[in-house]
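> Let me begin by handing over the structure; questions about it come next.
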Amino acid sequence: MADASVDVLTAACAHLTGRAEHRDAVREIDRWDAEDWRAALLDVPLDERAYADRFAVERHVQMDALWAWWSEPGADGPVTPETAGFLGFLLLTLISMHRSDRMRYHGEAYEHGEIAGASPDELCGALVADPRVQRAVERLYAPAEGDEAERAWNTIDFATMRFHRHGTTSVIVTVDSIAPPAGRASHYALKCLIYPYLRIPAIVKATKDYQHEFGGVRPEGSTLVTVWASHSSWVLMDFVKGVTLADHLREIAKGRREPRSEIVRPVDVRQLRVLGTALLDAMAELAEKVGHHNDLTPSNIIVQDDGVGSPEIRLIDLGVNFLHTRTLVGAESRESVYVAPEVKAKGSGGHNADLYSVGMVLIAIGGIPHSAPGTVPDQFYVASIGLARLLEDLVDADPSQRLVVCGLEADTDAATSAGRFTEIRDLFAREIEVLEAAEPDRFASRYQRVKNALPGAGAVERQRKIWKVRRRQAEAADGALRPMQAHHLRQAKGLKRWAIACSWMSWVTLALVLTWWSRDLDLFWQAKWVEYGNAIFNRSGDGIPVLDDVRAADYPIPDAWDNLPVRIVGITYALPGMRLYMNIFADMTPRSAFRRRGWVGARTAAAAFMMRAAAVFPTVYILLPTLVQRKWWVICCPLGIITVATMISACLWFARDANARARAWNGGRGLSTVPKGEIPTLERLAAWAPAAWLYALPVVIVGVFLYSDLLQDELMYAIAIGLINIGIWYFKNTGTDAPYVRAGLTRAILAAERLDVLRAREAARTPAPRAEERAKTAVAEGAA
């Protein structure tokens, strides 16, 4: 019957669209009832090529022709209005199949595409609003008499039907209820399966069981949608007003300015605070009421924003996408990046799969383009090490390795899953608070903006604000945090104290260099505090107490010309020295809550020492020649360059080892958070190393010659060093390169930290050897 029906329908469409003369076929379909139409629609080929073979016309040509016939005034022509309604439904089906194919096979975005000179949504909107098509939908999807879904179906007012959007296998329309339940809205969403997909048992079963799996009457304001009924071919649920998160983020992106460099693309802190927190609240309710989503993508999240209060999040389309269950074929959609790897590989997931999706959605909310699956984009490492750590803990490709560093057990059941999302939300809120504190103050006064433009001033102010937030968090949460979380807060608190100390040392150093220069130029004025100091120390003269007392006898002040080299070198070392620590190392430490032994421990200690030394050594190497003996600058200068080169090498020694161990972890499967191959951000630091060592060699040689009076051009030598320090170290290395280096080192530090936790967890699960076995092992080792 189906084959014959399709042949008749093919001939009738050819006649109506003017491609052939088949009046008998048109008369035949005029006599069809709903069952005949069901049989024909079920047999419509899903594949474009198969459609062309069966109907002897390309599907896109058929759609254009049918729309031209449908939209012509008086198009009913030789068919009854009822038959015209079924033909309109056929066109609706073809458009929906075409939209699905374009997204699945060609990666086309939902909003793209055109049919008959208009968008698919515009055509479907006109079709669904037609009373003839509405009547066809009512008859074609009506449940059998006595079906448990019949009661809900009979409450629908099909005259109110309007098109909403397409799904992968469905058409979603809105309808009103004839007699809505007391106290509930009367506006609903009706998700109708595209008819040819009813041939696929898995899709039919999932649709029929949807209410049982994800339904239930939800209270007003719930993030979950009330599902009233589900049938083998449709689902009836509350209509959720709003826009999808995908559309919402696209609109926000239109108002953003493109950054001068991708690495400095700012993370959208406001959207993370508002939408990210709302998403985690919604996930906590989902975990408590339903269990898991398994297809959490921006298109399955509705944002309701009235512009007055905070936006609300509603979750829709729960359950694994049919593409991932292998029920449907086709290429991965653009949104498959949000789906956990285990869901895409096995067609099933669970609570840990939602963790991955939440992390990927948070990245999108932050306004940062996604990087490789299972990794966090570099911009988050630049913005906040704490937020990057949390995101890594969510998006690890291995579900058993999620939430390990945060201290939350990832492998939980539904009973504790809701509480876990609540804890994630609290941790997320703390990291967002830090990130907000670190943001530049857009409403600062003109004086503050000028002040922050001074070298290092903005970084100092940023670190001070972060330190205050971390200190408040540590005090407020003392004793109430999990061990790893408490460790991270204590660690951050210590780092902020180092940053404050570095800022004071840097500014004091810079101030002293400028003061001594002003004295050389006879611009120094005798301040009252100098007089008081001389009185306290019972010394005579106009010099500065203590500081002038340690100055060598052959180091005169003022002496503008002979002191000029040490002043040039001092000022040009002070500026990049300040930026080196504040712009790169202030937020990071390779030290871990776990003790590292052997070469791993040595690499960690070396990197940690050199990172903290970066806050101190510029002050030492600058003040010694400035305050004590001006001739020492030709020795301190090469010592400073050698120290920097050693610091770079120590950091690379640690970072490359951490990345290599991360890639070798778990039998070579590795940590997904460390990309395979070369990491461009770390290579920026690697490029510094040979340049620093090559720079050190001539500086050492010339410095020795100058100190031994074998060379005389001190001023030219000092100017050359000053130009290199400002041109390369200030503007390039500690300026434009700084965010790249910070991202590369932070990624390696977090990888080493993640390995520590995983190894500790593995050791805790491995039973200790019995005493007898230990004794045998000891004897064997002794014999060897």
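> Cβ-Cβ distance below 6 Å, separation of 6 or more or different chains: which pairs start in the stretch 679-690 with a residue that is within 18 Å of M611 (Cα to Cα) and end on one that is of a type outside the set (S, T, N, Q) and not in a helix (DSSP H, G or I)?
Close Cβ pairs satisfying both conditions: R684/D737.
> Output the number of the condition that L279 fails; it satisfies all remaining conditions of (1) modelled with pLDDT under 90; (2) crowded, with 22+ Cβ neighbours inside 10 Å.
(1)
> Does T681 satisfy the criteria of being more than 24 Å from N733 (Cα to Cα), within 25 Å of the chain's Cα centre (by Cα) and not assigned by TED's automatic domain parsing to the domain that holds R402?
The answer is no for T681.
> Sticking with this one: Any idea which of Y621, Y555 is under 27 Å from I701 (Cα atoms), in a loop (DSSP other than H, G, I, E, B) and in contact with a helix residue (DSSP H, G or I) (Cβ under 7 Å, 6 or more places away or on another chain)?
Of Y621, Y555, the one residue that is under 27 Å from I701 (Cα atoms), in a loop (DSSP other than H, G, I, E, B) and in contact with a helix residue (DSSP H, G or I) (Cβ under 7 Å, 6 or more places away or on another chain) is Y555.
> Might you let me know whether the stretch 64-83 holds any residue that is closer than 23 Å to Y197 by Cα and surrounded by fewer than 19 Cβ atoms within 10 Å (Cβ to Cβ)?
yes
> Among the residues that make up the stretch 673-686, is at least one of them of a type in the set (S, T, Y), assigned to a helix (DSSP H, G or I) and surrounded by 21 or more Cβ atoms within 10 Å (Cβ to Cβ)?
Looking for residues that are of a type in the set (S, T, Y), assigned to a helix (DSSP H, G or I) and surrounded by 21 or more Cβ atoms within 10 Å (Cβ to Cβ), one finds at least one in the stretch 673-686, hence yes.
> What are the residues in the stretch 660-715 that are closer than 30 Å to R747 by Cα and among the aromatic types (F, W, Y), if any?
Within the stretch 660-715, W665, W688, W693, Y695 meet the criteria.
> If a residue counts only when it is touching a residue at least 40 places away in the same chain (Cβ under 8 Å) and within 43 Å of the chain's Cα centre (by Cα), which helices (runs of 4 or more DSSP H) contained entirely in the stretch 1-92 have at least 3 such residues?
Here the list reads 59-71.
> Do the conditions hold for M97, that is, is it in a helix (DSSP H, G or I), in the same structural domain as D7 (by TED's automatic domain parsing) and out of contact with any strand residue (DSSP E or B) (no Cβ under 8 Å at 6 or more places or on another chain)?
Yes, satisfied.
> Would you tally the residues in the stretch 691-705 being free of Cβ contacts under 8 Å to residues at least 24 places away in the same chain and of a type in the set (F, W, Y)?
Total meeting the criteria: 1.
> Filter the stretch 281-296 down to residues that are under 21 Å from S310 (Cα atoms) and small (G, A, S), then give me how many there are.
Selection size over the stretch 281-296: 2.
> Here is a further query. For the subset of the stretch 100-111 comprising residues that are touching a Ser or Thr at 6+ places or on another chain (Cβ under 9 Å) and not aromatic (F, W, Y), which member is surrounded by the fewest Cβ atoms within 10 Å (Cβ to Cβ)?
E111
> Give just the number: which of (1) out of contact with any Gly (no Cβ under 9 Å at 6 or more places or on another chain); (2) under 26 Å from A429 (Cα atoms); (3) buried (at least 17 other Cβ atoms within 10 Å of the Cβ) does K344 not satisfy?
(2)
> Additional query: If you go through the stretch 169-179 one residue at a time, do you hit one that is touching a residue at least 60 places away in the same chain (Cβ under 8 Å), over 25 Å from L94 (Cβ atoms) and loosely packed, with under 14 Cβ neighbours inside 10 Å?
No, the stretch 169-179 has no match at all.
> Give me the pairs: first residue in the stretch 595-606 and closer than 14 Å to C651 by Cα, second residue assigned to a loop (DSSP other than H, G, I, E, B), beta-carbon distance under 6 Å, and six or more apart or on different chains, which are they?
Close Cβ pairs satisfying both conditions: T604/P590; T604/R596.
> Out of the residues in the stretch 364-374 that are in contact with a helix residue (DSSP H, G or I) (Cβ under 7 Å, 6 or more places away or on another chain) and either among the β-branched types (V, I, T) or closer than 21 Å to T736 by Cα (or both), which is surrounded by the most Cβ atoms within 10 Å (Cβ to Cβ)?
Here the answer is I365.
> Turning to a different aspect of this structure: Could you list all residues from the stretch 375-390 that are within 10 Å of the chain's Cα centre (by Cα) and either crowded, with 24+ Cβ neighbours inside 10 Å or in contact (Cβ under 8 Å) with a residue 24 or more places away in the chain (or both)?
T375, V376, D378, Q379, F380, L387, A388
> Of the residues V361, V382, V376, which single one is in contact with a strand residue (DSSP E or B) (Cβ under 9 Å, 6 or more places away or on another chain) and at pLDDT 90 or above?
Result of the check over V361, V382, V376: V361.
> Kindly indicate which of A25, A14, A20 is surrounded by fewer than 20 Cβ atoms within 10 Å (Cβ to Cβ) and either of a type in the set (G, A, S) or not assigned by TED's automatic domain parsing to the domain that holds I194 (or both).
Result: A20 is the single residue among A25, A14, A20 that is surrounded by fewer than 20 Cβ atoms within 10 Å (Cβ to Cβ) and either of a type in the set (G, A, S) or not assigned by TED's automatic domain parsing to the domain that holds I194 (or both).
The values are calculated or read from the model by the stated rules, or taken from the named source; none is laboratory data. Quick caveat: nothing in here was measured; it's all calculated off a predicted structure. Using ideal geometry, Cβ is built from the backbone for each residue, glycine included, and neighbour counts are taken over all protein chains shown.
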